Amino acid sequence: MSFITVRNLWKNYGDQVVLENLNLSVPQGEFCTLVGASGCGKSTFLKMLLGQESPSRGELLLDGRPFPREPDRHRGIVFQRYSVFPHLSVRQNVLMGLELEQKPVLGRLFGRARRTALARVDEMLAQVGLSASAHRWPHELSGGMQQRLAIAQSLIMRPRVLLLDEPFGALDPGIRADMHELLLTLWRETGTTIFMVTHDLREGFYLGTRLLVFDKVRNDPHAPGAYGATVTYDQPIGQADRRLYQDIEASVTTTARHQAA
Amino acid sequence: MRLINRTPGRLAATALGVLPFLAILLFYGLASQQRLADNPNDKLLPGMTQMAAAVDRMAFEEDRRSGDYLMWEDTVASLERLGLGVGVAALLALVVGLANGVLPLVRAHLAPLVSALSMIPPLAILPILFIVFGLGELSKVMLIVIGTAPIMMRDLTQRVRELPAEQRIKIQTLGANSWQVITRMALPQVLPRLIDAVRLSLGPAWLFLIAAEAIASTEGLGYRIFLVRRYLAMEVILPYVIWITLLAILIDQCLRLANRRLFPWYNAGGH
């Protein structure tokens with residue numbers, strides 16, 4: 001049995017069909033990148049994995065059981081922005097999860113327990129290269145550093161699934177390359193299953209182990225919401241060639257034009 | 001250059017800011033001088049000497065009947081009521097604002113009530129307060145609470161709801177329960193916003209304080225102003241009004257500084 005199973009999954013909001021007939025099976029430790037035009041349900045699918053949304057029809061299973069219907073500590077998330085807490089220092093931001101887990105009422109650690117937790121925090125900060133900024137406020141950090149912090153904050157919980165919603169969308173291209181490097185390193189070290197939504201087809205093509213293209217197969221120009229998107233390409237990364245890249249890009253661009261029209 | 005693009009320098013800005021004050025002073029001085037020249041016993045526009053004498057009498061001489069320094073007596077009484085009223089209102093606003101902002105079930109329950117309450121003109125229920133709570137301190141404090149709390153509650157609810165949804169999701173993925181979402185995410189971020197809300201409600205709070213003191217009181221800044229009105233004692237009323245204004249500015253600035261000191265992340269654009 002696979003780690004995550006998606007069977008005949010549909011999602012619609014009233015008449016608006018977002019996803020149709022989605023079938024997937026993802027083993028543990030896979031690094032999936034989700035690409036596609038805007039409005040093709042990538043983020044909706046991610047929200048279902050997170051527990052923020054639930055399927056309209058079909059099955060979404062984690063270890064053979066339906067996904068919990070609200071976010072929990074086994075599924076980490078990094079958004080494009082606003083993932084870190086502005087009122088806490090870098091160190092406190094990463095410490096937060098450990099404190100919440102160990103102290104359900106106070107939500108804070110003291111004494112030896114705090115020192116033990118902080119040692120783990122500092123180790124995590126070193127891994128993402130934020131040791132020098134441990135005592136700064138998030139607003140003093142660059143966009144790339146804030147995303148490193150958000151990743152560290154999630155990973156210290158050792159989540160089973162890490163969800164990334166266009167995490168590098170707002171970053172400069174140079175910084176992006178560094179972040180790819182960091183993410184791959186962390187993924188190899190932790191072995192966590194990753195789903196990453198990206199707008200950037202190239203990013204999706206070279207990062208991770210598996211590419212999932214969300215696209216619309218059918219399109220009714222008079223009723224743009226009548227048909228939903230589904231996974232049109234499910235491709236192991238490494239086997240993808242230039243020709244396929246061009247095919248996918250052409251298809252996604254056409255859908256994007258239809259969506260915009 | 002367009003008018004919208006012309007900005008004054010530092011010095012010019014200060015000068016421009018001070019100018020209206022000087023203009024008012026000058027205008028008042030001239031008008032007062034003219035009236036006093038016509039009639040040295042004129043009460044309407046007292047000169048600086050008369051006002052200084054009045055302040056001296058009210059603030060630095062014992063009252064002949066009670067032996068108190070009346071202006072300080074009034075100030076302490078008024079500030080006590082104001083502080084108590086605004087303090088209780090802020091606390092209520094914090095509790096209701098957090099519950100309303102974070103918990104949809106509570107919001108469905110309370111938000112319509114709070115909205116309706118905030119529409120009641122507080123002065124219209126002042127007689128009810130006097131009947132229910134008597135003419136003592138409680139009714140005056142209650143008027144300030146009822147007058148300022150509902151609007152602060154609505155404001156705080158809105159501020160809590162404005163916190164990015166991403167944060168609410170994120171803290172849940174770190175394992176937070178509902179209580180922890182309130183205490184570790186919403187509360188600390190809404191405290192500086194509470195101070196802002198208090199600063200804005202101080203204006204209405206003073207209004208309600210003075211209204212209540214004018215109607216039923218035996219001391220207080222508002223009481224004194226309305227008492228000496230019977231003798232047309234403008235030389236007392238004007239310094240009292242200026243004193244109240246100074247107190248209001250002082251409190252406002254203290255709160256602003258406290259906000260900056262206590263929440264460095266808030267004022268540095270960290271939200």
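When you check A:Ile175 against the structure, is it under 25 Å from A:Glu123 (Cβ atoms) and either open to solvent by less than 10 Å² (accessible area, probe 1.4 Å) or among the small types (Gly, Ala, Ser) (or both), yes or no?
no
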Revision key, fill the gap. Scanning segment A:85-98 residue by residue, those in contact with a Gly (Cβ under 7 Å, 6 or more places away or on another chain) and more than 8 Å from every other protein chain (Cβ to nearest Cβ) turn out to be none
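For segment B:81-101, which positions are among the aliphatic types (A, V, I, L, M), open to solvent by less than 30 Å² (accessible area, probe 1.4 Å) and out of contact with any Gly (no Cβ under 9 Å at 6 or more places or on another chain)? Please lay out each step first, then the result.
Going residue by residue through segment B:81-101, those that are among the aliphatic types (A, V, I, L, M) are B:82, B:84, B:86, B:88-96, B:98-99.
When the remaining residues are screened for being open to solvent by less than 30 Å² (accessible area, probe 1.4 Å), the result is B:82, B:86, B:89-90, B:93-94, B:96, B:98-99.
Listed by number, the residues that qualify are B:Leu82, B:Val86, B:Ala90, B:Ala93, B:Leu94, B:Val96, B:Leu98, B:Ala99.
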Exercise for review: Among the residues of segment A:100-153, write down those that are closer than 23 Å to A:Arg176 by Cα, open to solvent by 40 Å² or more (accessible area, probe 1.4 Å), free of Cβ contacts under 8 Å to residues at least 60 places away in the same chain and within 12 Å of chain B (Cβ to nearest Cβ).
Suggested key: A:Arg136, A:Trp137, A:His139, A:Glu140
Check your understanding: What tally of residues in segment A:154-167 results from selecting those that are touching a residue at least 40 places away in the same chain (Cβ under 8 Å) and either surrounded by fewer than 19 Cβ atoms within 10 Å (Cβ to Cβ) or of a type in the set (Phe, Trp, Tyr) (or both)?
Key -> 1
Practice item. Looking for whichever is open to solvent by 40 Å² or more (accessible area, probe 1.4 Å) and within 14 Å of chain A (Cβ to nearest Cβ) here; the options are B:Leu187, B:Leu194, B:Leu135. Which one fits? Key: B:Leu187
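Listed residues B:Leu257, B:Leu227, B:Leu200, B:Leu247; which is in a helix (DSSP H, G or I) and open to solvent by less than 20 Å² (accessible area, probe 1.4 Å)?
Working: B:Leu257 fails: open to solvent by less than 20 Å² (accessible area, probe 1.4 Å); B:Leu227 fails: open to solvent by less than 20 Å² (accessible area, probe 1.4 Å); B:Leu200 fails: open to solvent by less than 20 Å² (accessible area, probe 1.4 Å).
One residue alone meets the criteria, B:Leu247.
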Point to revise | Out of A:Thr185, A:Thr193, A:Thr198, A:Thr209, sole residue that is open to solvent by less than 50 Å² (accessible area, probe 1.4 Å), farther than 18 Å from A:Ser43 by Cα, under 18 Å from the mean Cα position of the chain (by Cα) and among the β-branched types (Val, Ile, Thr) | key: A:Thr209
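Which residue is nearest to the other protein chains (Cβ to nearest Cβ), if the candidates are limited to segment B:232-244 and must be of a type in the set (Val, Ile, Thr) and open to solvent by less than 80 Å² (accessible area, probe 1.4 Å)? Walk me through it before giving the result.
Of all residues in segment B:232-244, those of a type in the set (Val, Ile, Thr) come to B:236-237, B:241-242, B:244.
The next check asks that each one be open to solvent by less than 80 Å² (accessible area, probe 1.4 Å); those that pass are B:236-237, B:241, B:244.
Working: B:Val236: 47, B:Ile237: 46, B:Val241: 40, B:Ile244: 35 Å.
The selected residue is B:Ile244.
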Check your understanding: Only one of (1) in a helix (DSSP H, G or I); (2) surrounded by 23 or more Cβ atoms within 10 Å (Cβ to Cβ); (3) more than 26 Å from the chain's Cα centre (by Cα) is not met by B:Ile182, so which one is it?
Key -> (2)
Practice item. Could you run through segment B:152-168 and say how many residues are open to solvent by 10 Å² or more (accessible area, probe 1.4 Å), facing chain A (nearest Cβ under 7 Å) and assigned to a helix (DSSP H, G or I)? Key: 1
Practice item. Taking B:Ile128 as meeting all but one of (1) open to solvent by less than 80 Å² (accessible area, probe 1.4 Å); (2) within 15 Å of B:Phe208 (Cα to Cα), write down the number of the exception. Key: (1)
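It is to be established whether one or more residues within segment A:54-70 are closer than 17 Å to A:Ala150 by Cβ and surrounded by 15 or more Cβ atoms within 10 Å (Cβ to Cβ). Steps first, answer last, please.
If we filter segment A:54-70 for residues that are closer than 17 Å to A:Ala150 by Cβ, which is where we start, we get none.
No, because not a single residue in segment A:54-70 is closer than 17 Å to A:Ala150 by Cβ and surrounded by 15 or more Cβ atoms within 10 Å (Cβ to Cβ).
The values are calculated or read from the model by the stated rules, or taken from the named source; none is laboratory data. Bear in mind that the values here come from a model prediction, so they are computed numbers and not experimental data. Cβ sites come from the backbone with ideal geometry, for glycine too, and all protein chains shown count toward neighbours. Side chains included, ligands, DNA and RNA excluded: accessible areas come from the protein's heavy atoms. Shrake-Rupley method; radii C 1.70, N 1.55, O 1.52, S 1.80 Å.
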